[in-house]
Amino acid sequence: MTTATAPAFANRISYSDTEPCEVVRVVSDKCMEIRDMDATLRAEWKPNTKAGGFMGHTVNNGGEWDIVSNASNEIIRIRLQKNGQWKDASGNRYKMADAPRRFYDFNF
């Protein structure tokens, strides 16, 4: 018998942006406790913006991020919905992953 392990991260999906969260505790197969991770844009990364769109189009959109755990961030619970999505009590959606991901859409 094999036991599946839960992914270590739950990235919050919000329109075109993504925020990294870490799984703190697996309560059950339908409930997990997570907390936000701190993400800072690397100083050496510079946007490459070209003419287009409303103000311009950032070609290297998303940036490069340093992502670290922060034990002082609030722990929240997410639950598996009948449609297969993970959501918190506020309705935020999460995608389980093996790595944290931060994406900021500089084109909005």
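Sort 90-100, 30-40 by the packing proxy (mean of other Cβ within 10 Å over each peptide's residues), most packed first.
In decreasing order of mean packing, 90-100, 30-40 become 30-40, 90-100.
Once neighbouring chains are kept in place and the probe is 1.4 Å, which whole percent of the accessible area of the chain is contributed by carbon and sulfur?
That fraction is 51 percent.
For PHE9, what accessible area in Å² do you get when you roll a 1.4 Å probe over the heavy atoms of the protein chains, rounding to the nearest 10?
Result for PHE9: roughly 40 Å² accessible.
Whole-Hz Karplus ³J(HN,Hα) for the stretch 58-75, in order, using 6.51 cos²θ - 1.76 cosθ + 1.60 and θ = phi - 60°, x for Gly and Pro?
Per-residue couplings from phi come out as 7, 5, 9, 4, x, x, 10, 10, 9, 10, 9, 6, 9, 5, 7, 6, 5, 8 Hz.
Quick one: grab Rg to one decimal and Dmax as a whole number for the chain, Cα atoms only, in Å.
16.2, 57
Can you give the relative contact order of the chain as a percent, counting alpha carbon pairs under 8 Å and 6+ residues apart?
It rounds to 35 percent for the chain.
So with the 1.4 Å probe, I'd like the accessible area per residue for the stretch 15-56, rounded to whole Å².
About 68 Å² of surface per residue is accessible.
What is the set of long-range amide H partners of CYS31 at a cut-off below 5 Å, with H atoms built 1.01 Å from backbone N?
The list, which skips near neighbours in sequence, is LEU80.
Using a simple charge model, +1 on the beta-carbon of Lys and Arg, -1 on the beta-carbon of Asp and Glu, nothing else, what dipole does the chain show about its Cα centre, in debye to the nearest 20?
That gives a dipole near 400 debye.
The values are calculated or read from the model by the stated rules, or taken from the named source; none is laboratory data. As the structure is a computational prediction, the values presented were derived from the model and not from experiment. We place every Cβ from the backbone using ideal geometry, glycine too, and count neighbours over all the protein chains shown. The accessibility values were calculated without ligands, DNA or RNA, using every heavy atom of the protein model including side chains. Shrake-Rupley method; radii C 1.70, N 1.55, O 1.52, S 1.80 Å.
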